[in-house]
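Visitor: Quick one: this structure, given as structure tokens, is what I'll be asking you about.
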Amino acid sequence: WVLTNANGLGGTPSWIQLSPTGTLPSAREESSAVYDTTSNTLIIFGGAGNSVLFNDVWLLSHANGVGGTPAWTQLSPTGTPPALRLGQTAVYAAASNSMTVFGGNNSTGSLNDTWVLSNANGSGGAPAWTQLAPLGTIPPARVQQTAVYDPTTGRMIVFGGTNYPAGAFFNDVW
């Protein structure tokens, strides 16, 4: 679905259902999604559906319904992928065409690892996963946190979340 005039400035906002071509991703919840405005591509990673965890990557071209028929494509990145997970957060850096993924939850509990998918929108070379080893204190493992990307500083800013199954709720910023 696309919400046109979402900011209310170009007219009354309204919902339009897209009809993408290609193989659709499995139905899922708690996946992470980022949007590349330059290529008009939605990128989704992971999530869960029907008690199955995913660590796959899918692209939706023409994601805003403009410029052509939307189409789903599954990426096959090189490198070792992140573990299966749901409830992770992700941000997109347009300048480097990379998606950074943090945390989430799998069958062992909450996670606090950080991964980068290069060439995330499917262009500029083969997509590849790399696990980061950030310096300093690493945030406690968490799921269902929020994150934003600051392109000026190149930082992913993470807020809140919870630690499953312990049930601790976080009110912190990293």
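The values are calculated or read from the model by the stated rules, or taken from the named source; none is laboratory data. Just so it is clear, the structure is predicted and the values come from calculations on it, not from any experiment. Because the Cβ atoms are built from the backbone with ideal geometry, glycine has one as well, and the counts that use them run over all protein chains shown. Just the protein is used for accessible areas: all its heavy atoms, side chains included, with ligands, DNA and RNA removed. Shrake-Rupley method; radii C 1.70, N 1.55, O 1.52, S 1.80 Å.
Visitor: Find the accessible area per residue for the stretch 99-164; the probe is 1.4 Å, ligands and nucleic acids are left out, and the unit is Å².
Guide: With all protein chains present, the stretch 99-164 gives 50 Å² per residue.
Visitor: Take peptides 103-110, 120-127, 161-168, 135-142 and line them up by average Cβ neighbours within 10 Å, highest first, as a rough protection proxy. Can you show the working numbers first?
Guide: Values: 103-110: 19.8, 120-127: 17.8, 161-168: 15.5, 135-142: 13.9.
In decreasing order of mean packing, 103-110, 120-127, 161-168, 135-142 become 103-110, 120-127, 161-168, 135-142.
Visitor: How long, wide and thick is the chain, going by the Cα atoms along their three principal axes, in whole angstroms, largest first?
Guide: Largest to smallest, the principal-axis extents are 44, 38, 37 Å.
Visitor: How charged is the neighbourhood of Arg28? Take every other residue with its Cβ under 12 Å from the Cβ of Arg28, and add Lys/Arg as +1 and Asp/Glu as -1. Before the final figure, lay out the partial values.
Guide: On the way: positive: Arg85; negative: Glu29, Glu30, Asp56.
Taking every Cβ under 12 Å from that of Arg28, the sum is -2.
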